Structure formats: structure tokens, C-alpha cells
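Asks: First, the structure itself, so that you have it in front of you.
Laboratory data are not the source of any read-out in this text; all were calculated from the coordinates shown. Owing to the predicted nature of the structure, the values given are computational and were not obtained by experimental measurement. Cβ placement follows ideal geometry from the backbone for every residue including glycine, while neighbour counts extend to all protein chains displayed.
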Amino acid sequence: MNGRFADVMFQARQCAGYTRERAAEMLNISPRTLTYYEAGRQVPDRIVAMMVDAYAAPGAGYYWLSNELYTGRILLPKVNVLGVSNGALQMRVSLRNALQAQERLEDICRDDVIAEDEETPLSACINSLRELAAACMGMEILGTKKSALAGTKADSTRKTF
């Protein structure tokens, strides 16, 4: 685990209002073990999941998946955490683009074959859907009051995961 994720989890615990002792108790680990994790030692995936749940920090979980796990880095879209109004606007634009992509996708896939000349438009459709997924995750992070990555106030600060 890198130091950045350790900082993220420390901040998530702080935002949730838990002492190290209380958090360790909730996670069924010793305070010393939690100290090691928050100092940058490797955290088992099961413990990360418990932290995300206990601290109500989906942004921290997304950060873990998209930065700490190789498969997550490949599969998950980058998320920009915007202010509430910017996030809602991004969601609306992404949704409109995804609906247009849906029509193209139906045309491409209706014969159950992806022809060579359909590969580029299919890729564009998939990118539109990934942008929508990223916008949804950004709103999920903003919607969680105690998320360490969303912050405690809605502002226009952009953070990319």
C-alpha cells in the first residue's frame, strides 16, 4: 500500500469521528495494527472493505480499487469529484451522451456481430458509458456526508482518482 492511501484511510477515520481505538474495535483488529495500516503497511482487501463500510467512505473504496489494485487501474474510469452543481451538470451531459450512445449501440449490435467498421463506433459508445459511470461515482462520493475524499463541504475543488 502506498502512503497516499494510508492518508486517505486516516482522513476517512477522522471524518467519521472515530478514535483509533474505536475504529480498531469496529474492525476487530488491534489499535497497533490499525496504526501500521495508517502508516502505509499493506492492508488486506477484507479490512479495506470493512473500513470503507465503517467510515462510510465510498470514495476511499473507489480510490483503493482504482489506484491500489492493478485490475482496478485497468477497468475503472477516472473520477473527477466536482462541486454539487458541477457534478450534477456533468451527470446530465454524461447521461445525454450515454442515451445517444445507446441508440448507436443498438444499431451496431442488432445483428449480434461487430463488423470491422463498427469497432470504432462501439469503442465510442463504451467510452460514453464509462463517462456516465464516472459521473455516477462522483455523485456517490459527493452524496456521502462523511466521505474523506469528498470533503466536508461542497465546493468546486476537483480531485481525480
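Asks: In nm, what is the difference between 0.36 nm times the number of residues separating Ala115 and Cys136 and their Cα-Cα distance? Provide the component values of the computation, followed by the final result.
Replies: Details: separation 21, 0.36 × 21 = 7.56 nm, distance 3.07 nm.
My answer for the length gained is 4.5 nm.
Asks: Once each part is reduced to its C-alpha centroid, what is the distance from the stretch 89-144 to the stretch 31-62 in angstrom?
Replies: Taking the Cα centre of the stretch 31-62 as reference, the centre of the stretch 89-144 is 32 Å away.
Asks: Counting every Cα pair in the stretch 80-146, what percent are over 21 Å apart?
Replies: The share of Cα pairs beyond 21 Å in the stretch 80-146 comes to 35 percent.
Asks: For Thr33 and Gln14, compute 0.36 nm times the residue count separating them, minus their Cα-Cα distance, and round to one decimal in nm.
Replies: Values: separation 19, 0.36 × 19 = 6.84 nm, distance 1.68 nm.
Taking Thr33 through Gln14 to full extension adds about 5.2 nm, to one decimal.
Asks: For q = 0.08, 0.11, 0.14, 0.21 Å⁻¹, what log10 I(q)/I(0) does the chain give under the Debye formula with an equal point scatterer on each alpha carbon and no solvent?
Replies: Relative scattering, expressed as log10 I(q)/I(0), comes to -0.31, -0.53, -0.75, -1.24.
Asks: At R0 = 30 Å, how high is the FRET efficiency between Glu103 and Asp45 if r is their beta carbon distance? Nearest 0.05 is fine.
Replies: Given R0 = 30 Å and the Cβ-Cβ separation, E is 0.20.
Asks: Still on this structure: Determine the relative contact order of the chain: mean sequence separation of Cα pairs under 8 Å and six or more apart, normalised by residue count, in whole percent.
Replies: Working: 207 pairs, mean separation 52.2, N = 161.
Once divided by the residue count of the chain, the mean separation gives 32 percent.
Asks: Let me ask you something else. For Cα pairs less than 8 Å apart in space and 6+ apart in sequence, what is the mean separation divided by the residue count of the stretch 84-139, i.e. the relative contact order in percent?
Replies: Taking the mean separation of contacting Cα pairs over the length of the stretch 84-139, I get 58 percent.
Asks: Okay, next question. So if I place +1 on the C-beta of Lys and Arg and -1 on the C-beta of Asp and Glu, and nothing else carries charge, what would the dipole magnitude of the stretch 3-75 be about its Cα centre? I want it in debye, nearest 20.
Replies: Charge dipole, the stretch 3-75, about its Cα centre: 100 debye, nearest 20.
Asks: Taking R0 as 25 Å, what's the FRET efficiency between Arg4 and Leu122 from their Cβ-Cβ distance, rounded to 0.05?
Replies: Here the calculated transfer efficiency is 0.10.
Asks: Sorting check: for 112-119, 98-105, 5-12, 79-86, which peptide has the highest mean count of neighbouring beta carbons within 10 Å, and how do the rest follow? Intermediate values should be presented prior to the final figure.
Replies: Working: 112-119: 9.5, 98-105: 15.0, 5-12: 20.1, 79-86: 17.9.
Order by mean packing, descending: 5-12, 79-86, 98-105, 112-119.
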